Amino acid sequence: MAQELAAERDITPHEALLGLVRTATARAAWTDQIIAQQMRDHIDSGGDPLNPPQEVKSWLGQSRLERKLAATTAKQAVDAGVMVALERRLDLEGDLVAAALSAALDALNLDHEQRVKALGAAQQHLLAAGRDATTHPE
């Protein structure tokens, strides 16, 4: 749902999830206002505050559903944010490794063929490690 909303509104999925969290929490607050008003009306007309009328009970159920949806959506937003942060960190670490490898090769004063051969060996090692990670996950 967040993916479709993100594409429709030209925003990130994380922003879409945050919008859905706001909507779900607003709906929960709205149902709570209805419950509070109905309870005030019930008590003002002499009703027992510990025995809410039937129409309030259905709103209580709706309130629970809205709160559950808000909590679930909020968790998805948090998880998405964690994944974005993790992806950024992995990108930064990859850039750091690439820069370190380039600095090491520069320090060796390799000719072009030797540099290409060294980079090819590093690439093959990384590709093999990626295959091992997908076939033998920890």
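The values are calculated or read from the model by the stated rules, or taken from the named source; none is laboratory data. All figures in this text were calculated on a predicted structure; none of them were measured in a lab. Note that each Cβ is placed from the backbone with ideal geometry, even for glycine, and that neighbours are counted across all protein chains shown. Surface accessibility is based on the protein's heavy atoms, side chains included, excluding ligands, DNA and RNA. Shrake-Rupley method; radii C 1.70, N 1.55, O 1.52, S 1.80 Å.
With N set to the residue count of the chain, report its C-alpha Rg divided by 2.2 N^0.38 Å to two decimal places.
After normalising by residue count via 2.2 N^0.38 Å, the value is 1.96.
If I compute solvent accessible area with a 1.4 Å probe over the protein chains, what percent of it on the chain is carbon and sulfur? Working shown, then result.
Numbers: 6310 of 10510 Å².
Exposed carbon and sulfur together represent 60 percent of the surface.
So for the range 32-94, what percent of the C-alpha to C-alpha distances run longer than 13 Å?
Summing the P(r) tail past 13 Å for the range 32-94 gives 71 percent.
Rounded to the nearest 500, what is the chain's calculated 222 nm mean residue ellipticity when only DSSP H runs of at least 4 contribute -39500 (n - 2.57) each, over all residues?
Theoretical 222 nm ellipticity from helices: -31000 deg cm²/dmol.
If packing is taken as the average number of other Cβ atoms within 10 Å across a peptide's residues, how do 26-36, 106-116 rank, most packed first? Present the calculation step by step, with values, prior to reporting the outcome.
Numbers: 26-36: 15.2, 106-116: 10.1.
So the order, starting with the most tightly packed, is 26-36, 106-116.
Going toward the positive end of the dipole of the chain, with +1 on Lys and Arg Cβ and -1 on Asp and Glu Cβ, which of His14, Gly130, Ser58 do you reach last?
Toward the positive end, the furthest listed residue is Ser58.
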